[in-house]
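A short worksheet on the structure shown next.
The values are calculated or read from the model by the stated rules, or taken from the named source; none is laboratory data. Just so it is clear, the model here is predicted, and its values are computed rather than measured. Ideal geometry is used to build each Cβ from the backbone, glycine not excepted, and the neighbour counts take in all protein chains shown.
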Amino acid sequence: MGLSSVASNSEGMQLCIFDLRRGQNEGQELDKILFFHPADLPFSTQLSVIGLSEGLITFTRIFSPDAACEVIEAERHSHVFFEAEPDIWMVVIVEKNKEAEAIWRVDALRKVLKEVHSLFLMFHGSIRSLLEKEPAAGSVRSQLYIFIMDYLSDFHSSKKLQLPSFRDSLKERGTVQMLTVGREAAIEVQSLVRVVESCTGSPSCHSLLLFQDLLVSTTLSPDDTINLFTYTVLRLTPHALSTGLSSWSYLRKGSTASAAVTGPPVGSGTSLSEPFHGSHGTSAGDDHSHAMRPLQHNRWSKGKDGFLITDIWQAEPGSLVSVTPSIWLQQTEEKMYLCAYQHKSLTLIFLIPVSSIINGEQGILAVKQLVLENASLKILKVEEKLSKGWGGENAYHVSGYRYLLVDGDRNLSRASPPGKVTTLTKDSLLALSKLREEVDIEKSRTRWDNGGHEKDLEICTRARNNAWVISQVTRGKELYMVLENANETLLYASDAVQKFSNRYCNGAFSLD
Amino acid sequence: MSSSDGDDSTFSGTDSGPVLGSKPIEDGFSQLRVGDLANGSANDGDAAAAAAEGSGDGEGIAAEAGEVEDGGAARARAGETEIEEIGEARVMWRSNSEGEVEAQASPSSSGYAGERGSSSGGSGIGEEEDEIEEVRSDAVSDSQAAWMPGKRHVDEDDASISWRKRKKHFFILSHSGKPIYSRYGDEHKLAGFSATLQAIISFVENGGDRVKLVRAGKHQVVFLVKGPIYLVCISCTEEPYESLRGQLELIYGQMILILTKSVNRCFEKNPKFDMTPLLGGTDVVFSSLIHSFSWNPATFLHAYTCLPLAYATRQAAGAVLQDVADSGVLFAILMCKHKVVSLVGAQKASLHPDDMLLLANFVMSSESFRTSENFSPICLPRYNPMAFLYAYVHYLDVETYLMLLTTSSDAFYHLKDCRTRIETVLLKSNVLSEVQRSMLDGGMRVEDLPIDPLPRSGSLLPRLGQSRPLTDSQESLKEAYAGIGGPAGLWHFIYRSIYLDQYVASEFSPPFNTLRQQKRLYRAYQKMYASMHDKGIGAHKTQFRRDEHYVLLCWVTQDFELYAAFDPLADKASAIKTCNRVCQWVKDVENEIFLLGASPFSW
């Protein structure tokens, strides 16, 4: 029974969300399930997946009351757990397959879960609050289904769902990549931000400025910055807008993703909703059409005035009148209007508290007008300045090094450009993935052992293929590095790290 | 745990030592044991199996875990009956006591007290993670309280808070969910818990997969399935998964050493077979093995270590052992505590280091071996997991013991004669006194690491007349290092010769004054070993690792592996130089620290 069908699934991946507070009586177990992918798996299989997960959550709490099950490693699958909200769990099950390069790092998979949940929070608010509003959970399920399927469509490459694997070891999801800005440009940016925020007339207004896919400035809290940055890079930057167009034609040809995107086909739609809604007398179809789809591709475009427009947000369900998008801030739990302005490579996002705009769309229009009048010149200037200083997509390449630098305190990361990372051999990347896994475990232990105290750790390994695979963790900063063409002595390798640290990290990883 | 007298039906009256007949040994044994025990336990009416059966689906497992939390509807009082069978499980023959069959001595009467205060490096004493997590460990563990063998905290079960907070649990259970062994708590009270473990394993198995590890916060739950035997470790120590899994493999091996793998047949005949009586009285063997997981590098290096001895002395011991090996003895092993003095195998027979570890643990942890000569069936799991061998064991002094292994069940008197011959020669040639002296003197010390390369005739053992006079500069250096280890901040090292299957570890010098510090270093090595030997991507070549406690350097070549610990502030360049010197030093004194010329181990 059960999990064997996981393997037969062509994608080899299952993702589910369940609520431990629901469906506690016998016969009502299905009520726990809020999301399950693939949706066409038989309920018995879905229930057995959730049964095992729930069983192990309960079991591990016997010994570890504060931190229940995080991962189950079986011979052929990894089950990665994430408690998104109290008693609301997300579990992803991936198949391991060495030949198919299906070698995973648990923490990287967990960060996917965390990311999709954070994005969901930003657009819809917490799952728990939605469930409280609607105990039958029909529309919550629809929202989750559509949101997550839209999110997952980004992982489709050549018709296959490809989650982050060992090949992505030099990336860190859930961090922000920043543009290095000269002093003069920084002053210009500062002044631009001040002007924009003053235009909104609200003290709790925020802004985010990106150049290409890199962050230039933010006035948001760290968590909200990550979420909005992630969304902007996924859907709003010039790069995202253009790839969205090209993938549109691809989607229309009817891939798995488009099946999800173009509304539920009869099979999956009913299998998702029927058992839950039948008893509550809600129509499944309606829920789907009402669900807002902020992650749907090709729903954003650039208007004549430079502001990005979308029809995702509608005045009321089913209406054709679209309104200004709004999001929830995680930190203040405040609802904000989202306005995005784009000039060439520059994307300016400003958020205005919904409460501060009295006359709705009219009021927003007025603010936008004000920004255009007061800031467009500055925007031109900043764009020009940043473009001049911009070194292109390989700007952060350091020859001879393949690296990832993570600043955990500021949620920043910088890495070798993806095109350069692909030159690494599989062996090096596997060794690095393994090393990262080891460091992940050390870090998590330190977290449990002594709260704030951070781990200092330096590991420098010469792998079987003679590549040096290096990790340094110090004062909240992490450096991962692969040196494939290095000399064979340890001293040479640590010298290389030292040089890198001195030149690019202000000596953060230097010894003295 | 049980009386021996009630169990005379099979073996009594064999005053001429044990006779098992000429049938294949293992068959004779399994039938004999199975016959009695399987019947006894079939009507056990325990809730464990019942609970396990009902757990085929998702709800079952959750419900069961719930029950455990609630404190035990499923808890069963299994196996209160078969006490009379227990004696049979661990048969020991004492040659000097009219063929009496004897069970294991009770844990409390073990001779471990005699080991306290020994000067040997990495000796069998140490703190345990017996502590409860939250207890401020420096208060408890630096007290240097000697480790006490045997089972503790029997009053606990899974409802006890203290039980739940133990740092490292080990469980053996049967595939029907019956408890066989638990490190803490009474197995019988843990029937419900055991059933839960079984449910987890079989639930995943039913899905066509096999669960290996569950991670939750600081805790890891590691599973190992060996046919009808399930082994589980629940630990919040920092040990990596690979190490914990290796420990479960050893525990399984220890069980096989006692019972042979033919115990599987009991489960084929009766899936609900209760195995606890078969292992009755062996708690002390398992607890001593588990204890060694926190001090004995052999448990993760898969290599053994020798007592340092002058080459001629070891040769003399080897020669006399070789004599008896030629007379039909499969293996002749002379050991002092966990260190090998000499060992000889019959032609083509080779002994796996893990088998030696398990055998030595079995002998050293069982009190009855100390009191008189013994002839006992044992199984070497790596040699032949299906068959019993017979081990003649005799202590020549408090710490030194001779083990003669044979396939023949009626070789007792022959082996006794062999032992007499060996003992005479060893006494005459002063081997035993050299052994005792070596135990007192200890082995390699980082403070003694030579600055300049030694001439090839270098010796570790100055008293043996080959002494190298220390130069003035070395003397003064030695003083300079006093209390801070060796040159360049070297604190400790382990060198493992791959082709000899042997390792040598330096003695613990300051700053490793406390057992707590020693155990932490041991764990750091263990982690390093796991990190270097990844099964998926193959062994790495070099690793440098620095954390708040140490600098660790590891170097793996085709011939050897070196693990060295330095002061965390050590300079990389001089640490590397020092490692090279350690390797040279080991090569210079290899005649004394390794057993050379033993048949290569071909596993």
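What the table shows:
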read-out: Subset of segment B:184-223 that is modelled with pLDDT of 95 or more and basic (K, R) - its residue that is nearest to A:L56 (Cα to Cα); value: B:R215
read-out: Failed criterion for A:E83 (all others in (1) among the charged types (D, E, K, R); (2) under 22 Å from A:Y151 (Cβ atoms); (3) facing chain B (nearest Cβ under 9 Å) hold); value: (3)
read-out: Selected residue (criterion: nearest to the other protein chains (Cβ to nearest Cβ)) from residues of segment B:512-564 that are among the basic types (K, R) and part of a helix (DSSP H, G or I); value: B:K527
read-out: Strands (runs of 3 or more DSSP E) (entirely within segment A:202-311) containing at least 1 residues that are at pLDDT 50 or above and touching a Pro at 6+ places or on another chain (Cβ under 7 Å); value: A:308-310
read-out: Entirely in segment B:373-413, the strands (runs of 3 or more DSSP E) that have 3 or more residues that are outside the structural domain of B:L426 (by TED's automatic domain parsing) and hydrophobic (A, V, I, L, M, F, W, C); value: none
read-out: Residue that is facing another protein chain (nearest Cβ under 10 Å) and not β-branched (V, I, T), where the choices are A:S494, A:S501; value: A:S494
read-out: In segment A:459-478, residue farthest from the other protein chains (Cβ to nearest Cβ) [restricted to those that are surrounded by fewer than 21 Cβ atoms within 10 Å (Cβ to Cβ) and more than 16 Å from A:E172 (Cα to Cα)]; value: A:R475
read-out: Every residue from segment B:259-309 that is in a helix (DSSP H, G or I) and of a type in the set (K, R); value: B:R265, B:K269
read-out: Qualifying position, being of a type in the set (F, W, Y), surrounded by 13 or more Cβ atoms within 10 Å (Cβ to Cβ), at pLDDT 90 or above and assigned to a loop (DSSP other than H, G, I, E, B), among A:Y403, A:Y396; value: A:Y396
read-out: From A:V112, A:V140, residue being surrounded by 17 or more Cβ atoms within 10 Å (Cβ to Cβ) and within 21 Å of A:A240 (Cβ to Cβ); value: A:V112
read-out: Test: residue in segment A:414-424 that is touching a residue at least 60 places away in the same chain (Cβ under 8 Å) and small (G, A, S); value: yes
read-out: Any chance B:V211 is touching a residue at least 12 places away in the same chain (Cβ under 8 Å), surrounded by 23 or more Cβ atoms within 10 Å (Cβ to Cβ), β-branched (V, I, T) and closer than 24 Å to B:N296 by Cβ; value: no
read-out: Hey, A:T45 crowded, with 19+ Cβ neighbours inside 10 Å, within 27 Å of B:K212 (Cβ to Cβ) and within 7 Å of chain B (Cβ to nearest Cβ) or not; value: no
read-out: Of the criteria (1) facing another protein chain (nearest Cβ under 7 Å); (2) surrounded by 24 or more Cβ atoms within 10 Å (Cβ to Cβ), which one B:K178 fails; value: (1)
read-out: Residue in segment B:240-255 that is touching a Ser or Thr at 6+ places or on another chain (Cβ under 9 Å), within 14 Å of another protein chain (Cβ to nearest Cβ) and aliphatic (A, V, I, L, M) present; value: yes
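Conditions tested, residue by residue: (1) within 19 Å of the chain's Cα centre (by Cα); (2) of a type in the set (K, R); (3) in the same structural domain as A:E85 (by TED's automatic domain parsing).
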{"residue": "A:E101", "(1), (2), (3)": "no, no, yes"}
{"residue": "A:H124", "(1), (2), (3)": "yes, no, yes"}
{"residue": "A:R128", "(1), (2), (3)": "no, yes, yes"}
{"residue": "A:P135", "(1), (2), (3)": "no, no, yes"}
{"residue": "A:Y145", "(1), (2), (3)": "yes, no, yes"}
{"residue": "A:M149", "(1), (2), (3)": "yes, no, yes"}
{"residue": "A:S157", "(1), (2), (3)": "yes, no, yes"}
{"residue": "A:L161", "(1), (2), (3)": "yes, no, yes"}
